[in-house]
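The values are calculated or read from the model by the stated rules, or taken from the named source; none is laboratory data. Computed from a predicted model, the values in this text were never measured in an experiment. Neighbour counts are summed over all protein chains in view; Cβ atoms, including those assigned to glycine, are modelled from backbone coordinates with ideal geometry. Each accessible area value is taken on the protein alone, full model and side chains, heavy atoms only, with ligands, DNA and RNA left out. Shrake-Rupley method; radii C 1.70, N 1.55, O 1.52, S 1.80 Å.
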Amino acid sequence: MATGQLFSRTTQALFYNYKQLPIQRMLDFDFLCGRDTPSVAGIINPGAEGFQKLFFGQEEIAIPVHSTIEAACAAHPTADVFINFASYRSAAASSMSALKQPTIRVVAIIAEGVPESDTKQLIAYARSNNKVVIGPATVGGIQAGAFKIGDTAGTIDNIVHCKLYRPGSVGFVSKSGGMSNEMYNTIARVTDGIYEGIAIGGDVFPGSTLSDHILRFHNIPQVKMMVVLGELGGRDEYSLVEALKQGKVNKPVVAWVSGTCARLFKSEVQFGHAGAKSGGEMESAQGKNQALREAGAVVPTSYEALEATIKETFEKLVEEGKITPVKEVKPPQIPEDLNSAIKSGKVRAPTHIISTISDDRGEEPCYAGVPMSSIVEQGLGVGDVISLLWFKRSLPRYCTKFIEICIMLCADHGPCVSGAHNTIVTARAGKDLVSSLVSGLLTIGPRFGGAIDDAARYFKDAYDRGLTPYEFVEGMKKKGIRVPGIGHRIKRGDNRDKRVELLQLFARTNFPSVKYMEYAVQVETYTLSKANNLVLNVDGAIGSLFLDLLAGSGMFTKQEIDEIVEIGYLNGLFVLARSIGLIGHTFDQKRLKQPLYRHPWEDVLYTK
């Protein structure tokens, strides 16, 4: 066990198992104390590497993240404190690993419930190697104005109130982390504050004892008096009794052992900590208080009298000239986090993203205000989800059914079209699913699958302006523009696209109006008179029928319909549908274990 000061203004720690709040509290304390460097040198998150962004005062800093304890210790050889926020299941193993690192002197174990056999092994190893274990089941410790562990002393407001931003003259040790915060406040009210405070933890076998730290405090010149807060259960306090009797401690020690109320209960009582359970008279609070009093400690008659006893002891030392009270200094103001400032109404800040289609802030995500559970309970389908997320309203069932039919009919069109071909080649090159999918999607455009919007746009403009099919087609010809939605490389007037026929049949059966589709059919009749392959293709069918869906449903204004066509909603339907097929082609090639594709020479025209 170390015999003197554990921490200083240059102490740095490694933090195991990333927790944002306690680390930020450590960094805020550093800034409050005027430290030049952050006290957290690195973070250890098993299996992860990189950086975590946090604040050091007004400045945002990046703290390195390491995947192993060994790597962190090698990267930060001056960091000699290991703060372990692992769960009780892994705390012992990670703590032992840290103790075995030559650079680590102090290990603080926050978790409670660490198996006692594991704790005993940690204690034995630490003592035989002159290292210090604080905990398990501890909040940690603090050296005022220099360094603190994790959540010790709580919020910045509490730290300022307890004057922990600068060193005082009192050494404090307790089993309880919660009572430590209370005692820091009490000590600050009646003395010049603490110099160092330690919560050894409430488990049955703490890594270091009350007397270990009192003996350390005795060797620190700046500590002029000590305050000890024990509790019933165990016999840790008796090691302090022996130290006092043997004259190892000659600075004033004010002590109180909590739990005197246990005698009021007829049966044995287990208090909050695992070790807070009296096993006889010696382990009772009354027995320990009496033993401490007889050994020379200043023991009040009750906890209520503890504050006055501390004050009296401190003032006596001041009168004797052994303590020169610390001059007060004003700590710097910690910049308030934006989130807390917004909540308190101190500032307002603009948002960076606007979303009107979904909200995940409640108990469950909502699509356009409709809870996800409601969607499932009502038996709604993919078309209904699209109507909510794309159109921000619940469309009639015939509309959502039409959307689903479009998705099914456009999901795939064989391996030879450009999108599928690209996906197949990419998958055979060993690329992942997303890369293969994207390579196929990138071919979608004016020449492949991207004509739905244009077909809808031109058909709508021509119909709304009252153009005859002749005027429309010939007008497009004069402009040098092919009529979108008309023409097919394979299908002919006597061999119609079955997909188009299915869509038209559904619309004539279910839609209130099919005026745009009928206009597209009239255009097809005229174009077929020119060439047998100028049939209405699936792009033209979907484009014209979607116009009928939007106009006939009565749920969209003219302006909304124009915007939907302009933005590219209809092509979005093709992209969504074709993604299903492209994913299928990727899986197909992976499943078949197809080799790298190379285009055959005989299929290339080599020319000068």
Using only Cα atoms, tell me the angle between helix 116-128 and the longest principal axis of the chain; keep it within 0 to 90° and round to the nearest 10. 60 degrees
Long-range amide H partners of residue 487, meaning residues 5 or more apart or on another chain whose placed amide H is closer than 5 Å, are 535, 536, 537
Of 509-522, 176-189, ordering from highest average Cβ density within 10 Å down gives 176-189, 509-522
Output the peptides 494-507, 371-384, 594-607, 209-222 sorted from most to least packed, where packing is the average of other Cβ atoms within 10 Å over each peptide's residues. 209-222, 494-507, 371-384, 594-607
Taking +1 at the Cβ of each Lys and Arg and -1 at the Cβ of each Asp and Glu, which of 408, 201, 347 sits farthest along the dipole of the chain towards its positive end, judged by Cα position relative to the Cα centre? 408
Note on the chain, DSSP bridge orientation, antiparallel percent to nearest 5 equals 40 percent
If amide hydrogens are placed 1.01 Å from N in the peptide plane, which non-local residues have theirs closer than 5 Å to the one on residue 227? 171, 172, 173, 254
Accessible area of the stretch 13-320 with a 1.4 Å probe: how many percent of it is carbon plus sulfur? 52 percent
If a/c stays under 1.5 just call it rounded; otherwise compare a/b with b/c (prolate if a/b is bigger, oblate if not). Do that for the stretch 1-108, with a ≥ b ≥ c from the square roots of the Cα gyration tensor eigenvalues. oblate
With a ≥ b ≥ c taken as the square roots of the eigenvalues of the C-alpha gyration tensor of the stretch 82-209, please select rounded if a/c is under 1.5 and otherwise prolate if a/b is larger than b/c or oblate if it is not? prolate
Of 98, 31, 73, farthest towards positive along the dipole that unit charges on Lys, Arg, Asp, Glu beta carbons give the stretch 5-99: 98
First select every other residue whose beta carbon is under 14 angstrom from the beta carbon of residue 217; then total the charges, Lys and Arg +1, Asp and Glu -1. +2
Per residue value of the accessible surface for the stretch 13-320 (all protein chains in place, 1.4 Å probe), Å²: 39 Å²
In whole Hz and in residue order, list the ³J(HN,Hα) couplings for the stretch 237-245 that follow from phi through the Karplus curve 6.51 cos²θ - 1.76 cosθ + 1.60, θ = phi - 60°; x for Gly and Pro. 4, 6, 5, 6, 4, 5, 4, 5, 5
What accessible area per residue comes out for the stretch 411-592, rounded to a whole number of Å², with a 1.4 Å probe? 49 Å²
Output ³J(HN,Hα) for the stretch 58-64: one whole-Hz value per residue in order, computed from phi by the Karplus curve 6.51 cos²θ - 1.76 cosθ + 1.60 with θ = phi - 60°, and x for Gly and Pro. 7, 8, 8, 10, 10, 9, x
How much net charge surrounds residue 133 when only other residues with a Cβ under 12 Å from its Cβ are counted (Lys, Arg +1; Asp, Glu -1)? +1
Per residue of the stretch 308-317, what does 6.51 cos²θ - 1.76 cosθ + 1.60 with θ = phi - 60° give for ³J(HN,Hα)? Whole Hz please, x for Gly and Pro, Karplus curve as stated. 5, 5, 4, 4, 4, 5, 5, 5, 5, 5
Give the lysines reachable from residue 515 as a straight Cα distance under 23 Å; neighbours fewer than 8 places away on the same chain don't count. 401, 460, 498, 558
By per-residue mean of other Cβ atoms within 10 Å, what is the highest-first order of 345-356, 541-552? 541-552, 345-356
Step through the table entries 251/316; 224/327; 131/245; 53/346, compare each Cα-Cα distance with 21 Å, and write down the pairs that go over it. 131/245; 53/346
